[in-house]
Amino acid sequence: MFNDIGPLELVTLVVLAVLVFGPEKLPKMIQDVTRTIRKIREFSESAKADIREELGPEFKDFEFEDLNPKTFIRKQLDNDELGLKEIRNGFDLKKEMAEVTDAVHSRDTDSSSSSSPSPSSSSASSGGSIDMTKKPEQSDPDERPPFDADAT
């Protein structure tokens, strides 16, 4: 319940409790709080037992934590009946990303090449692409520049 409270925060809470309730009333307040928490836990456990009893024997191993969507999905994905672990382990993300990058840059992908192409092979395979670092050649004054409808 209090897993995320550090030592400094705990000392601050104790000092604040002593200042607010005083040293005389503090033990009685702690007893009242612990008694209330105990009653809430007992009520919760009895409610869970009543629900399990009402559901019947086919739900005897029912856990209320399974109602949390994250827990349910994690439990179903860990179940190996569907073979999801084999599918998940079958992907090589680096290779897939390299293939997508090569496809975007219109490079030919070789199944025998490594996932990171060397600089000499990338410059040789980009022979048909336009070099944006060079200045365009002077064209005729009557010739219109190319128009890209998607760019405007």
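The values are calculated or read from the model by the stated rules, or taken from the named source; none is laboratory data. The model shown is predicted, which means the values in this text are computed figures rather than measured ones. As a convention, Cβ positions derive from the backbone with ideal geometry for all residues, glycine included, and neighbour counts pool all protein chains shown. Accessible surface areas use protein heavy atoms only, side chains included; no ligands, DNA or RNA. Shrake-Rupley method; radii C 1.70, N 1.55, O 1.52, S 1.80 Å.
The table below gives the values:
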| quantity | calculated |
| --- | --- |
| Residue that is farthest from the chain's Cα centre (by Cα) [pool: residues in region 35-67 that are among the basic types (Lys, Arg) and open to solvent by less than 100 Å² (accessible area, probe 1.4 Å)] | 52 |
| Residues located in region 1-34, provided they are small (Gly, Ala, Ser) and exposed (fewer than 11 other Cβ atoms within 10 Å of the Cβ) | 6, 22 |
| Cβ pairs under 9 Å, 6+ apart, first in region 16-41 and among the β-branched types (Val, Ile, Thr), second open to solvent by 100 Å² or more (accessible area, probe 1.4 Å) | 37/1 |
